[in-house]
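Bear in mind these aren't lab numbers, they're just calculated from the coordinates by the rules spelled out. Just so you know, these numbers come straight off a predicted model, no measurement behind them. Cβ coordinates were reconstructed from backbone atoms using ideal geometry, including for glycine residues, and neighbour counts include every protein chain displayed.
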């Protein structure tokens with residue numbers, strides 16, 4: 001075959017398969033929502049999954065938030081002191097964390113920590129016929145397995161992002177006040193005046209909620225769709241990280257431009 | 001209301017895309033009997049079980065379970081039918097995050113509102129039937145292949161199903177476990193008054209306990225009959241299968257152009 | 001894992017999350033200073049508001065007493081109409097000055113209220129007549145240059 005045709009057909013194939021996957025992921029998403037009532041009626045299933053996605057991600061979130069906050073403090077100080085406004089360091093740290101780094105870095109870490117675990121677990125359940133077995137017992141795997149994990153992810157993400165931002169601010173404080181010597185009062189008061197609850201804190205929460213939906217549904221879909229082999233599951237896990245990360249960054253841009261325009 | 005045949009397959013065809021896996025298959029599974037479906041690997045035996053369970057839809061023909069056409073049921077209807085079925089998967093398909101006890105209790109907890117004390121008694125009863133009451137605290141990863149299969153069997157019969165389906169129950173088992181499973185299939189079937197459908201390629205075992213056997217080859221029923229009839233059968237395919245000959249109507253080689261052509265004209 | 005231990009962990013997790021959110025709202029954000037309680041609305045007209053934005057603070061003697069609700073443009077008078085929300089606790093006389101100032105050299109702009117001596121107080125919907133526009137840096141510089149130039153020519 002003509003090499004140009006080969007390339008073209010390759011591109012076409014890629015595009016159609018992507019669109020197909022997007023469609024079936026959306027279908028899974030809708031089914032998950034439809035079956036949500038069942039997972040809420042038996043809330044313990046969701047609580048169990050919050051433990052595995054949320055609580056288990058806590059350590060990595062807290063440690064990275066602390067370091068991100070400290071680095072922000074240091075970097076911010078070196079730049080701000082040139083303009084003689086090193087008191088604004090609190091504002092810089094808080095705004096950077098609340099608006100961007102909190103939701104985005106949390107989502108990226110979540111995809112790596114909890115997302116991969118979800119994909120691998122569901123992929124293996126599929127490979128070992130556990131999902132089929134459930135189907136044959138007249139129990140919908142979407143209601144019993146997918147939906148509780150979905151809501152656990154959606155609930156955990158904003159909580160983790162809030163913790164990330166708070167711990168990050170404390171990290172920034174630790175660098176700015178005791179180490180560099182910025183005034184304690186100025187640090188907090190500047191922050192207090194310039195950070196708006198509605199614009200910054202709530203918008204950050206909305207972002208992390210959207211990221212929670214995206215990351216969790218991607219992880220669930222990749223697992224649910226994985227070929228039932230060892231190779232299939234491992235590739236699905238990799239795809240979860242790549243797709244989630246790119247989706248989070250893309251969504252972040254879209255959400256930010258919406259929020260800024262208002 | 002109760003039909004003589006609890007499961008009936010009529011003129012069933014199924015396939016993926018242009019490839020037809022089953023062509024015009026008809027089978028009946030009478031109540032209370034153990035029926036085996038035999039055939040080479042990859043001839044779509046397991047698919048027949050999935051068609052009975054309503055996990056996939058036939059291209060033509062129909063499967064009737066307890067007088068109801070499976071693929072014409074809505075979700076609710078299919079789930080209703082599946083409650084009458086228990087299925088033992090090839091590798092057990094135990095839920096790895098639950099203990100043996102919880103695995104067997106799972107269908108009861110999902111489908112009934114029985115008090116926990118009664119569920120406990122029932123689970124222990126089911127586990128006792130497969131001889132694993134002592135293992136109820138273990139996790140599935142701590143079980144051997146044969147034990148896992150027995151736990152899965154206990155789970156399959158948890159709700160006293162009318163139909164028990166076995167997907168390759170002997171695959172990868174040692175002779176002792178095999179004999180145990182073999183014995184269980186027959187005793188459970190008779191004790192529960194259930195109907196068993198067994199998909200397997202183990203000739204010796206199937207012939208030892210089945211009431212009736214279907215041979216599937218090339219997408220259609222190649223032979224059928226009681227074990228006694230079949231072992232005397234002169235049909236070349238059945239002969240090859242029963243005696244395990246490597247070449248015969250089922251060729252050793254996969255469909256291919258001539259060897260010479262492949263060697264010299266490889267592109 | 002034991003059900004109760006799991007529940008405790010998840011409960012703790014949610015509690016920490018809510019605590020973090022409260023911390024962000026109170027300590028980091030301005031939720032406390034933001035809630036003005038009951039307010040009354042007054043308007044002020046300006047020729048030039050510079051870089052004044054909605055939600056910017058309204059201060060008196062440096063204390064935040066309210067916030068800017070909205071900024072509109074009056075096509076009749078060709079002036080900016082700024083709506084202020086002032087806390088009910090702080091009544092101001094009718095002849096109060098509403099000036100636009102900048103915090104620091106490059107900081108954000110705010111409206112400063114400087115109380116006059118009138119016996120009557122501003123009521124809901126009143127207009128402040130005494131206003132002073134924002135200082136535009138370019139204007140200031142050009143004025144300075146003009147005056148320098150005229151001084152030079154006088155010599």
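Compactness ratio of the protein assembly as shown: Cα Rg over 2.2 N^0.38 Å, N = residue count?
Here the answer is 1.39, to two decimals.
Remark: C:21, B:153 ranked as C:21, B:153, counting other beta-carbon atoms within 10 Å and listing the fewest first. Within the listed set A:154, A:213, A:55, the Gaussian network model of chain A (springs between alpha-carbon atoms below 10 Å) gives the highest mean-square fluctuation for A:55.
Can you give the translational diffusion coefficient of the stretch A:106-213 in µm²/s, computed by Stokes-Einstein from the Kirkwood radius over Cα pairs at 4 °C and 1.567 mPa s?
D = 77 µm²/s.
Per-residue shielding of A:118-129, expressed as the average number of other chain Cβ atoms within 10 Å of the residue Cβ, stands at 2. Inter-chain neighbour count for A:91-101: the average number of beta-carbon atoms from partner chains within 10 Å of each residue's beta-carbon is 1. What is the helix-to-structure angle for C:3-23, meaning the angle in degrees between its Cα long axis and the longest Cα principal axis of chain C, kept from 0 to 90 and rounded to the nearest 10? The answer is roughly 10 degrees. With Cα atoms defining each centre, the stretch B:41-59 and the stretch A:31-97 are spaced 48 Å apart in the structure.
In terms of the mean number of neighbouring beta-carbon atoms within 10 Å, the peptides A:174-184, A:78-88 order highest first as A:174-184, A:78-88. From the P(r) of the stretch A:16-67, can you give the percent of Cα pairs sitting at distances over 13 Å? Within the stretch A:16-67, distances greater than 13 Å cover 72 percent of Cα pairs.
A quarter of the convex hull surface defined by the alpha-carbon atoms of the stretch C:1-148 gives 14.3 nm² as the mean projection.
For the stretch B:161-221, the normalised intensity computed at q = 0.14, 0.15 Å⁻¹ comes to -0.40, -0.46 (log10 of I(q)/I(0), Debye sum over alpha carbons, equal scatterers, no solvent).
Over the stretch B:1-96, the pair-distance histogram of Cα-Cα distances with 5 Å bins from zero comes to 3, 12, 22, 25, 21, 12, 4, 1 percent, rounded to whole numbers. Compared with the dominant Cα axis of chain C, that is its longest principal axis, helix C:137-154 is turned about 30°.
Rounded if a/c is under 1.5, else prolate if a/b beats b/c, else oblate: with a ≥ b ≥ c from the C-alpha gyration tensor eigenvalues square-rooted, which is chain A? In terms of gyration-tensor shape, prolate.
Using every pair of separate Cα atoms, the Kirkwood estimate puts the hydrodynamic radius of the stretch B:5-264 at 19.5 angstrom.
Note on A:9, A:162, A:132: ascending count of other Cβ atoms within 10 Å places them as A:9, A:132, A:162, the fewest first.
Looking at the stretch B:117-234 only, what percent of DSSP beta bridges run antiparallel? Nearest 5 please. Of the beta bridges lying entirely in the stretch B:117-234, close to 50 percent run antiparallel. Among B:97, B:174, B:162, B:74, the ranking by other beta carbons within 10 Å of each residue's beta carbon, starting with the fewest, stands as B:74, B:174, B:97, B:162. Neighbouring Cβ atoms from other chains, within 10 Å of the Cβ of residues in A:38-44, number 1 on average.
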